[in-house]
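Here is the structure we will look at, set down as structure tokens.
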Amino acid sequence: MSQHSDSPLPPTRRAFFLAAAQLGLASLATATATVVAATALGAQPAPTRAAAGAALPPMTVYKDPNCGCCTEWVSHVRKAGFVVTVRDTADMSSVKASFGVPSALESCHTARVGVYAIEGHVPADLIQKLLREQPVARGLAVPGMPQGSPGMEQGAPKDAFEVLLFDKAGKTRVFASR
């Protein structure tokens, strides 16, 4: 296919749009043409919720089958766009040990997302920040079960708490304070 002087697109894009139109995918061709034109003018297309959610790796949460606050925390991270698989287990000690969670940082549930361990009631926005920044670390932890942390919202008094970044040696630093 040769490029015509009246064709605004290179032959490969033009061929794509023609093929899409012939297959009845006119809306795809129109949407893609809009994005291509906007990008050519320097505009950045706004990310959609689906695109943002697609960028998040899946999460597996290990929890005691009888823990209600763990179930609430799972709802919290799902609302933030994570696709979560829940694994109920009575042997949480083995799970925590296998992910290298120091005993001083333990809470009621442990999650795995990407290469990171997430221990306890860590807010979803901080997990997203961890995934964006990708620090050299083993994971994040909120030790104990602070009142007012995600999944622990019942009751009036809310505890201030720290989200700790921990490494393979068990060293920690404050990642965020809430």
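Laboratory data are not the source of any read-out in this text; all were calculated from the coordinates shown. Quantities reported herein were computed from a predicted structural model and do not represent experimental measurements. Cβ sites come from the backbone with ideal geometry, for glycine too, and all protein chains shown count toward neighbours.
Out of contact with any helix residue (DSSP H, G or I) (no Cβ under 6 Å at 6 or more places or on another chain), closer than 21 Å to L56 by Cα and assigned to a strand (DSSP E or B): does that describe R87? Spell out the reasoning first.
Values: out of contact with any helix residue (DSSP H, G or I) (no Cβ under 6 Å at 6 or more places or on another chain): yes; closer than 21 Å to L56 by Cα: yes; assigned to a strand (DSSP E or B): yes.
Yes: the conditions hold for R87.
Of the residues in the range 54-79, how many are within 14 Å of G151 (Cα to Cα), part of a helix (DSSP H, G or I) and among the hydrophobic types (A, V, I, L, M, F, W, C)?
Residues meeting the conditions: 5.
Give the residues of the range 165-178 that are in a loop (DSSP other than H, G, I, E, B) and under 13 Å from E106 (Cβ atoms), sorted by residue number.
We begin by selecting, within the range 165-178, every residue in a loop (DSSP other than H, G, I, E, B); these are 167-171, 178.
Passing the criteria: only G170.
Please list, ordered by first then second residue, the pairs with beta carbon atoms under 8 Å, 6 or more apart or interchain, first in the range 148-162 and under 8 Å from W73 (Cβ atoms), second of a type in the set (A, V, I, L, M, F, W, C) and surrounded by fewer than 13 Cβ atoms within 10 Å (Cβ to Cβ).
Note: no pairs meet the criteria.
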